[in-house]
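Peer 1: The structure follows.
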Amino acid sequence: MTDLAAVKRALTAQRIETPSWAYANSGTRFKVFAQPGVPRTPEEKIADAATVHRFTGVAPVVALHIPWDKVDDYAALGSYARDLGVEIGAINTNVFQDDDYKLGSVTNPDAGIRRKATDHLLEAIDIMGQTGSRDLKLWFSDGINYPGQDDLRDRQDRLAAALREAYDRLTGNQRMLLEYKLFEPAFYATDVPDWGTSYAHCLELGERATVCIDTGHHAPSTNIEFIVAFLLRQQKLGAFDFNSRFYADDDLMVGAADPFQLFRIMYEIVRGGALDPAYGIAFMLDQCHNIERKIPAIIRSVMNVQEATAKALLVDRDALTKAQQSGDVLEANAVFMDAYNTDVRPLLAEVRADAGLDPNPITAYRASGYDEKITADRVGGTQAGWGA
Ligand SMILES: [Mn+2]
């Protein structure tokens, strides 16, 4: 039997990190549809993140992206966030938007460009010191488009050298999260294409380095929950970038494309004892809301993660183990599916009410007047940084 009080406690303690860039305008390579009321400054992005937290109660952390969230005084930005009830989470680096990086950043054949890229990573670590952030998040667009364009193995050596230099700069509780992505913008060979590559580099670096799984960065049909189980067993899973994909890296709302996959992922998290914030996994969103209203879309995403988590917590683990060990294939699958097919919305409504929140965060947000206020107050919102 499932202990409902324990399930509620786990849901109340859950922490989801939202990305500053998801509040700003974004689009595809074809068009950015600007929305009224989007943030003009990092402070306004943080205010929107604090609003998501105010209505959900489980999103007290906001990730920043440098240089999109560049400010003069990061310590002041950190205290501004704390005043609004949120803290600054991962510092995301950007070594993919400068002309110098056409042939790569930390893997570029030019040592001067590698230096510039590595210096950016070190700058991000300095910022972490000022904001009180724990996580340095690294994603490299590095790769090549044509066979023979550059030496695959040399590029791994260059990558390892840059990672080592950044890693050795970390202090205190700081960690490095290494994200992978199968392809795009490089179309032939990406330098960190998969979890195995990320894992191997993290293993070489040391215990502060862990893998970040962006759910949209895999080939179709990849069994992501297997990757989760494997990395948890090795204590090398540090974070998620949650989003949904139908085709490539679509960055849609998590749980929109495949809520069953999200449930399977969250089951491995629960199974691995890794849901508790003390375990240290950062459950981040990495999404773009190109045509839908941004704040309610992020609230919806948070709710989707909560629903998948609630279902994962409801799996009758004793019954499942019993069925698995007796080789009862159908019963094991039935126990698993029973949890997935449970309507957890009433349970989550109770959890929210117990926390003094409105049971329906989206309706509450819409009734709050915040959307009308930002639409009236903010003229000329910023673009997240891509898709121009
Ligand atoms: Mn990502």
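We did not get these values from a lab; they are worked out from the coordinates using the rules stated. From a predicted model like this one, the values you see are computed outputs, not experimental measurements. Cβ sites come from the backbone with ideal geometry, for glycine too, and all protein chains shown count toward neighbours.
Peer 1: Quick check on the exposure proxy: order Phe260, Phe242, Phe230 from fewest to most C-beta atoms within 10 angstrom.
Peer 2: Starting with the residue having the fewest Cβ neighbours, the order is Phe260, Phe230, Phe242.
Peer 1: Right, another one. Evaluate the distance, in nm, between pseudo-label points positioned 7 Å from the Cα of Ala364 and of Leu330 along their respective Cα→Cβ axes.
Peer 2: 4.4 nm
Peer 1: Excluding same-chain pairs closer than 8 in sequence, count the lysine pairs in region 15-309 whose Cα atoms lie under 16 Å apart.
Peer 2: Number of lysine pairs found: 6.
Peer 1: Counting Lys and Arg as +1 and Asp and Glu as -1, each charge on the Cβ, what is the dipole of the chain about the Cα centre in debye, to the nearest 20?
Peer 2: Value, rounded to 20: 380 debye.
Peer 1: Find, among the GluC sites (Glu not before Pro) in region 176-282, those assigned to loop by DSSP (not H, G, I, E, B) with at most 13 other beta-carbon atoms within 10 angstrom.
Peer 2: Answer in residue order: Glu207.
Peer 1: Let me test this: with uniform point scatterers at the alpha carbons of region 14-172, what is the Debye-based log₁₀ I(q)/I(0) at q = 0.16 1/Å?
Peer 2: Log10 of I(q)/I(0), two decimals: -0.95.
Peer 1: Relative contact order for the chain: what is it in percent, counting Cα pairs under 8 Å that are at least 6 residues apart?
Peer 2: The normalised contact order for the chain reaches 23 percent.
Peer 1: For a quick check: sort Tyr279, Tyr146, Tyr80, Tyr101 by the number of other beta carbons within 10 angstrom, fewest at the front.
Peer 2: Ordered by Cβ neighbours within 10 Å, fewest first: Tyr146, Tyr279, Tyr80, Tyr101.
Peer 1: Stokes-Einstein diffusion coefficient for region 218-270 at 10 °C in a medium of 1.306 mPa s, Rh from the Kirkwood formula over Cα pairs: what value in µm²/s?
Peer 2: Rounded, D is 137 µm²/s.
Peer 1: Using alpha carbon centroids, what distance separates region 269-309 and region 338-388, in Å?
Peer 2: Each part reduced to its Cα centre gives a spacing of 12 Å.
Peer 1: Rounded to the nearest 5, what % of DSSP beta bridges with both residues in the chain are antiparallel?
Peer 2: Bridges in the chain are about 15 percent antiparallel.
Peer 1: Also, I was wondering about something else. Given R₀ = 51 Å, FRET efficiency for Thr375-Gln234 by Cβ-Cβ distance, to 0.05?
Peer 2: For Thr375 and Gln234, the calculated efficiency is 0.60.
Peer 1: For Asp151 and Asn341, what is the calculated FRET efficiency with R₀ set at 56 Å and r taken between the beta-carbons, to the nearest 0.05?
Peer 2: According to the calculation, E is roughly 0.65.
Peer 1: Also: Less than 13 Å Cβ to Cβ from Gln149, Lys/Arg counted +1 and Asp/Glu -1: what total charge do the surrounding residues give?
Peer 2: So the environment of Gln149 carries a net charge of -3.
Peer 1: Local charge sum around Ser301 (other residues, Cβ-Cβ under 13 Å, Lys/Arg +1, Asp/Glu -1)?
Peer 2: Summing Lys/Arg as +1 and Asp/Glu as -1 gives -3.
Peer 1: Mind jotting down the distance between the C-alpha centroids of region 229-251 and region 1-50, whole Å?
Peer 2: 17 Å
Peer 1: Oh, and also: So what's region 226-379 giving for Rg/Rh, alpha carbon basis, Kirkwood Rh from the mean inverse pair distance?
Peer 2: Using only Cα positions, Rg/Rh for region 226-379 is 1.02.
Peer 1: Further, regarding this structure: Pick from Pro147, Pro39, Pro60: which is most flexible by mean-square fluctuation in a GNM of the chain where alpha carbon atoms under 10 Å apart are linked?
Peer 2: Pro147
Peer 1: With the crude spin-label approximation of a point 7 Å out along Cα→Cβ, what separation in nm comes out for Phe96 versus Phe30?
Peer 2: 2.1 nm
Peer 1: Just how many % of Cα pairs in region 79-202 lie over 23 Å apart, if you round to the nearest whole percent?
Peer 2: 31 percent
Peer 1: A further question on this structure: Output ³J(HN,Hα) for region 369-379: one whole-Hz value per residue in order, computed from phi by the Karplus curve 6.51 cos²θ - 1.76 cosθ + 1.60 with θ = phi - 60°, and x for Gly and Pro.
Peer 2: Along region 369-379, the couplings run x, 4, 4, 5, 5, 5, 5, 6, 7, 9, 10 Hz.
Peer 1: Which residues among region 213-250 fall inside the zone where the amide N is under 19 Å from a point 7 Å beyond the Cα of Leu203, along Cα→Cβ?
Peer 2: Residues 213, 226-239 qualify, since their backbone N sits under 19 Å from the label point.
Peer 1: Along its principal axes, what span do the Cα atoms of the chain show, with the longest given first and each in whole Å?
Peer 2: 60, 57, 42
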